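See structure below.
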Amino acid sequence: MTTTNPSSTSQTPTVAILGCGWLGLPLAKALVADGYSVNGSTTTPSQLLTLRDAGIRPYLLRLGPEFSQIDADSLHAMLHEVDVLVLNVPPRAAAAGAYPALLRPVGAAVAAAGVRHVLFVSSTGVYPDEPRPMREADALSSPDAPSDLLRAEGQFTPRRGQWLTTVVRLGGLFGPDRPPGRFLAGRHELKQGNAPVNLIHLDDCIGLLRHIIREKVWGYTFNACAAQHPARRDFYPVAATYLGLEVPTFSVEPETASGKTIDTTLLRQTTNYQFRHDDLVAALAHC
């Protein structure tokens, strides 16, 4: 595990972002503004011009069963002379059980291109839904782990010093065009009202990933979400009201303790990144 200062190198690295969608595109724009040379992929031909206009070198690339030689060539071209790959392909892009296979060509291309660092955007969905704090060691990635996402993480574990990976397991995503007030609005008699909320705002997703790249924080697995964990029955009615939507209601039946709490102690102690939106109710104004 290493943490080094960016001033140790005079050359700004080239960053490739595989998946320029809701998170990847604004991250790419932020990195361009920071002075990085950025390559970015999209699955949508009409987005190529959007990327180019934002100062991002665009590549059309589709992973999955229809992955072709053209896609392989695009992937290798995108990773040529790249120092950092941000791997931002959500598991929903693959059929059940197919996520590790979806990413296998990426691992091969990373090795072939000599990419030195991988920033794997993962999810706190790797943890069991048990009523206790969940720390990084509660779900270990490996090629033979029990979940698709953990197996995919395991594919990018450094091999023979080829590269260094940092995995960031993001909580539930919210922000512009994804306000949490819509998540449960109008639903009734919901279960797990006392379960804690584990969310992270887009601003902090971008800020944290930029921070890791800039400060060269490599070789870690981090949980990432807001420090505040209100109960679902307390937070989601407020979030719906903020949007003028019908508030959700929760079962009044007695509940046993339920729901995991994502522990971000390691991230906060290891890095000096300062979250902008630890207060989830205050963050509603930024959606």
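Right, residue 247: over 21 Å from residue 23 (Cβ atoms), part of a loop (DSSP other than H, G, I, E, B), in contact with a helix residue (DSSP H, G or I) (Cβ under 7 Å, 6 or more places away or on another chain) and among the β-branched types (Val, Ile, Thr) or not?
Numbers: over 21 Å from residue 23 (Cβ atoms): yes; part of a loop (DSSP other than H, G, I, E, B): yes; in contact with a helix residue (DSSP H, G or I) (Cβ under 7 Å, 6 or more places away or on another chain): yes; among the β-branched types (Val, Ile, Thr): yes.
Yes.
Quick check on segment 250-287: of everything there that is part of a loop (DSSP other than H, G, I, E, B), among the hydroxyl-bearing types (Ser, Thr, Tyr) and at pLDDT 95 or above, which residue is farthest from residue 177 (Cα to Cα)?
271
Among (1) touching a helix residue (DSSP H, G or I) at 6+ places or on another chain (Cβ under 7 Å); (2) more than 20 Å from residue 230 (Cβ to Cβ); (3) surrounded by 21 or more Cβ atoms within 10 Å (Cβ to Cβ); (4) not hydrophobic (A, V, I, L, M, F, W, C), which single condition is residue 175 missing?
(2)
I need the full set of residues from segment 237-275 which are acidic (Asp, Glu) and either under 19 Å from residue 128 (Cβ atoms) or touching a strand residue (DSSP E or B) at 6+ places or on another chain (Cβ under 8 Å) (or both), in order please.
Initial filter on segment 237-275 (acidic (Asp, Glu)): 246, 253, 255, 263.
The answer is 255, 263.
Please go through segment 196-254 and give me each residue that is surrounded by fewer than 19 Cβ atoms within 10 Å (Cβ to Cβ), closer than 18 Å to residue 282 by Cβ and charged (D, E, K, R), ordered by number.
Matches in segment 196-254: 203, 234.
Yes or no, residue by residue, for (1) hydroxyl-bearing (Ser, Thr, Tyr); (2) over 23 Å from residue 178 (Cβ atoms); (3) surrounded by fewer than 22 Cβ atoms within 10 Å (Cβ to Cβ):
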{"position": "28", "(1), (2), (3)": "no, no, no"}
{"position": "32", "(1), (2), (3)": "no, no, yes"}
{"position": "36", "(1), (2), (3)": "yes, yes, yes"}
{"position": "44", "(1), (2), (3)": "yes, no, yes"}
{"position": "50", "(1), (2), (3)": "yes, no, yes"}
{"position": "57", "(1), (2), (3)": "no, yes, yes"}
{"position": "70", "(1), (2), (3)": "no, yes, yes"}
{"position": "81", "(1), (2), (3)": "no, yes, yes"}
{"position": "104", "(1), (2), (3)": "no, yes, yes"}
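Here is a check on your reading of the model: is residue 111 over 30 Å from residue 12 (Cβ atoms) and of a type outside the set (S, T, N, Q)? If you could, list the steps in order and put the result at the bottom.
Working: over 30 Å from residue 12 (Cβ atoms): no; of a type outside the set (S, T, N, Q): yes.
Answer is no for this residue.
Just give me the residues in segment 39-53 being within 21 Å of residue 81 (Cα to Cα) and among the small types (Gly, Ala, Ser), in sequence order.
Passing the criteria: 40, 41.
Considering only residues that are buried (at least 19 other Cβ atoms within 10 Å of the Cβ) and more than 20 Å from the chain's Cα centre (by Cα), which ones fall in segment 255-283?
Of everything in segment 255-283, just one residue is buried (at least 19 other Cβ atoms within 10 Å of the Cβ) and more than 20 Å from the chain's Cα centre (by Cα), namely 259.
Before we move on, is residue 212 in a helix (DSSP H, G or I) and either touching a Leu at 6+ places or on another chain (Cβ under 6 Å) or not basic (Lys, Arg) (or both)?
Details: in a helix (DSSP H, G or I): yes; either touching a Leu at 6+ places or on another chain (Cβ under 6 Å) or not basic (Lys, Arg) (or both): yes.
Judged against the criteria, residue 212 is a match.
Can you name every residue in segment 147-178 that is of a type in the set (S, T, N, Q) and within 22 Å of residue 98 (Cβ to Cβ)?
Narrowing segment 147-178 to residues of a type in the set (S, T, N, Q): 147, 155, 157, 162, 165-166.
147, 155, 157, 165 - these are the residues of segment 147-178 that are of a type in the set (S, T, N, Q) and within 22 Å of residue 98 (Cβ to Cβ).
I need a count of the residues in segment 237-287 that are on the phi > 0 side of the Ramachandran plot and either among the β-branched types (Val, Ile, Thr) or in contact (Cβ under 8 Å) with a residue 24 or more places away in the chain (or both). I'd like the intermediate steps shown before the answer.
From segment 237-287, those on the phi > 0 side of the Ramachandran plot are 244, 259; that's our starting set.
Then drop every residue that is not either among the β-branched types (Val, Ile, Thr) or in contact (Cβ under 8 Å) with a residue 24 or more places away in the chain (or both), which leaves 259.
Residues that pass the stated criteria total 1.
The values are calculated or read from the model by the stated rules, or taken from the named source; none is laboratory data. Predicted model, so just to flag it, every value in this text is computed and none were measured. As a convention, Cβ positions derive from the backbone with ideal geometry for all residues, glycine included, and neighbour counts pool all protein chains shown.
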